[in-house]
Structures are given as structure tokens and as C-alpha cells.
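The values are calculated or read from the model by the stated rules, or taken from the named source; none is laboratory data. Predicted, not measured: the structure shown is a model, and the values here were computed from it. Here the Cβ positions follow ideal geometry from the backbone for every residue, glycine too, while neighbour counts run over all protein chains shown.
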Amino acid sequence: MNRTDDFILEIDKRYSELSGSSCCLSCGNALQYARPKDGEVCVDIGSGRGNDVLKMAIEVGEKGFAYGIDISHGMLEKARKSARKLGLNNVEFRNATLEDFGLSDSCADLVISNCTINHAKNKENVWKEIHRVLKKGGRFVVSDIFATEKVPDEYANDPAAVAECWAGAVTKDQYMKTLQDRGFIDIQILEESTPYPKGKIEVASFTVIGWKKLCCCGCN
Ligand SMILES: C[S@@+](CC[C@H](N)C(=O)[O-])C[C@H]1O[C@@H](n2cnc3c(N)ncnc32)[C@H](O)[C@@H]1O
């Protein structure tokens, strides 16, 4: 087993346990700002119990589609059950990671995420994957946490602390640099909390929007 497996196993364990609870696992209003439109293809990465995916499926209608991406078996089971209950045919919950959604290139109009990307070991690869699946001119709206200071390695390398949704956080500067390096444009912070303690560090929550360029060449 390699280190990445350790992290994934810990996340599956923690979130499968939480799938039966109703505690809030979000840290912002990504979906509210994203405003999915009729006919759009939407993806929620780290979709958890699936509530945002189901709302997007209803908002985009029969000509649109909503995908949920998660690796927690408990969360996926809960989300699929809710989709069946609602009788929705334009929704799919996939057992996939933040670094490989298993979706085709340029298939999505919108990618959202809420309080999830902080868990990823390689955040550059997550943003690369978001960029890959977005159509030209497509947008992301992501709520997440950032750390007010660099997280010490002893916590950042601890799978249990990362699964608890704090030790994987990076600083705001590092977060924004990753988005800019990936080539997203018109990046804006839509909301931001005041700092608060979480685990052994101080974090803040924010919601960020950005677009994949609408150019014809040289911008993949
Ligand atoms: C804090 S919960 C947020 C759930 C949901 N977005 C919400 O707002 O209620 C984080 C979710 O991300 C999922 N997750 C964390 N790391 C992941 C990874 N590497 N690949 C796929 N899903 C992951 C977890 O299983 C969990 O369901």
C-alpha cells in the first residue's frame, strides 16, 4: 500500500461513518453562486451525500446532466438511494478520485466542489483534472478552506488529520497561485470568512469562481 492509498482509506472510513448523519460538511455557498442553467452538464467533486448534485440535476432539467464524484462508499450509497427516491434519470454518482473523474475531455459546463479539495494530496492534479473536463468557456465554483499559515508537515502528512478536513489545507496565496498557473481566467473570491480554529491550526473558508479560456488555440 502506498501513501496515497493510506489517505484514500482514511477518507473512505471517516466519510462512510458520517454518511448516515445529518451534520453539515460544507464550508460555503458554491452551488448558490454557480447557478446551473437548463441543459448544462455539471460535476460536483467530493459530492458526499449528493444533495448539491440532486439540486443541479433538477435545475438543468432532462437535457442536462449532473455527475457526483466521491470515493466514500457510504456517501455514494446514500447519494444513489436519494437519486432513486427522486426518480431522476439525469444523474450519476461515480466512485472516482479528485485526480481522475473518469469523464471525457471538455464535457462539462460547470464544476462545483464544497469543502473537499483540501483533502487532496496533489492539488495541482485536481485543478488539472477540473480544467481538462471543462468545456472552453466553462466555469468552476469551489468552496473550500485555506490555512492562515503553512501547515506543519507532521499534520499535513497525517492521513487522519487530513481526513478531518483541516490538515490538508494550503495557504490562500498557494491556492490562488495553483488556479492561475492552471490557466483559469477572471478568478474572483465571492465570499470569505474570518479565520477560525480547526484541528490544530487556524483556517478560513472561501468560495472562488473562475473560467476556462474561450480561445481557439494554444490554451488547453
Ligand atoms: C467535507 S465532505 C463534503 C461533502 C459535500 N461536498 C458537502 O458539502 O456536504 C468531503 C467529501 O469529499 C470526499 N473526498 C475527499 N477526498 C476525496 C478524494 N481524494 N477523491 C474523491 N472524493 C474525496 C469525501 O468522501 C467526502 O464525501
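For every residue, the table says whether it meets (1) charged (D, E, K, R); (2) within 16 Å of the ligand (Cβ to nearest atom).
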residue: 119; (1), (2): no, yes
residue: 134; (1), (2): no, no
residue: 139; (1), (2): yes, no
residue: 156; (1), (2): no, yes
residue: 165; (1), (2): no, yes
residue: 171; (1), (2): no, no
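Which of the following residues is of a type in the set (Gly, Ala, Ser), within 13 Å of the ligand (Cβ to nearest atom) and over 16 Å from the mean Cα position of the chain (by Cα): 26, 21, 72?
When all the criteria are applied, what remains is 21.
Please identify the pairs in which a residue from the stretch 12-24 that is within 14 Å of residue 160 (Cα to Cα) has its Cβ atom under 6 Å from the Cβ atom of a residue that is more than 10 Å from the ligand (Cβ to nearest atom) and modelled with pLDDT under 95, counting only partners at least 6 apart or on another chain.
Once the first residue is within 14 Å of residue 160 (Cα to Cα) and sits in the stretch 12-24, no partner that is more than 10 Å from the ligand (Cβ to nearest atom) and modelled with pLDDT under 95 comes close enough.
Of 87, 61, which residue is free of Cβ contacts under 8 Å to residues at least 24 places away in the same chain and away from the ligand (no atom under 15 Å from the Cβ)?
Residue meeting the stated conditions: 87.
If only one of 54, 31, 25 is outside any helix (DSSP H, G or I), of a type in the set (A, V, I, L, M) and modelled with pLDDT of 95 or more, which one is it? Spell out the reasoning first.
On the way: 54 fails: outside any helix (DSSP H, G or I); 31 fails: outside any helix (DSSP H, G or I).
Testing whether each residue is outside any helix (DSSP H, G or I), of a type in the set (A, V, I, L, M) and modelled with pLDDT of 95 or more leaves just 25.
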